[in-house]
Amino acid sequence: IQCRRVDGSELPAELTVVSTVTPMGRPFRVAFLRDMSEQLSRERRLADALSIARSGEEAKARFVAVMSHEMRTPLNGLLSAVELLDTTTELDDQQRWLVEIMRGCGQATLEQVNNVLELTHLASSEGSSYAMADFALHDQLQAQVQQFQAGALRHGNVLQLEAPPGDRTTIRAPLQLLRRVVN
């Protein structure tokens, strides 16, 4: 309730009325009046501080996401140029070694940028909202193997998926997250 002080100023107050009975059986009421000014002021300050903190966190998350996306574009261009250099130019051993260093550093940097984007997504309000999907685990894993086979062969490795014959286990999971983990 709103109350008025002796000086005429108003204050928010809480009024509690309790009915009870005396030991002799006579009913009576007790009223408690409490000034709520400080508590309401404290709650307003906390709400304002929370709002400011959330705004700052959202701005930071947007900045990190934008910067990460902006960094990914030139990194992908760099990796493509390195790949073209490697596949269209006769390179000696020293040059091929340097190209592999550039490729490795570029891929490591791109992976770090992707991790920052993933962490930003997980920290955001929709971070826990990966879409669930029903899919055949074998098919998804085989697609991942095929995606990385060329790179493995280029380094003299063999990448293959071994699964029980006829295994068509279907699961329900966040497919995007599974692909990210397997990558």
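The values are calculated or read from the model by the stated rules, or taken from the named source; none is laboratory data. Only a predicted model underlies this, so the values are computations on that prediction, with no experimental measurement involved. Neighbour counts run over all protein chains shown; Cβ positions are idealised from the backbone, glycine included. Ligands, DNA and RNA are stripped out before the accessible areas are found, and what is left, the full protein with its side chains, is counted by its heavy atoms. Shrake-Rupley method; radii C 1.70, N 1.55, O 1.52, S 1.80 Å.
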Portion, in percent, of the accessible area of the chain that falls on carbon or sulfur, probe 1.4 Å:
58 percent
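Grab the Cα-Cα distance for Ala81 and Asn157, subtract it from 0.36 nm times how many residues apart they are, and report the gain in nm with one decimal.
So the extension gain works out to 25.0 nm.
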Counting Lys and Arg as +1 and Asp and Glu as -1 over every other residue whose Cβ sits under 11 Å from the Cβ of Thr170, the net charge comes to -1
Option label - Kirkwood radius over Cα pairs in Å computed here, alternatives (i) 19.6; (ii) 23.7; (iii) 17.5:
(ii)
Magnitude of the Cβ-charge dipole (Lys and Arg +1, Asp and Glu -1) of the stretch 23-174 about the Cα centre, nearest 20 debye, reported as 1340 debye
Net charge near Ser68: determine it from the other residues with C-beta under 13 Å of the C-beta of Ser68, scoring Lys and Arg +1 and Asp and Glu -1.
0
Express in nm, to one decimal, how much length is gained between Thr170 and Ala150 on full extension, taking 0.36 nm for each residue of separation and deducting their alpha carbon distance.
4.5 nm
Mean Cβ count within 10 Å, highest first, over the residues of peptides 39-52, 67-80:
67-80, 39-52
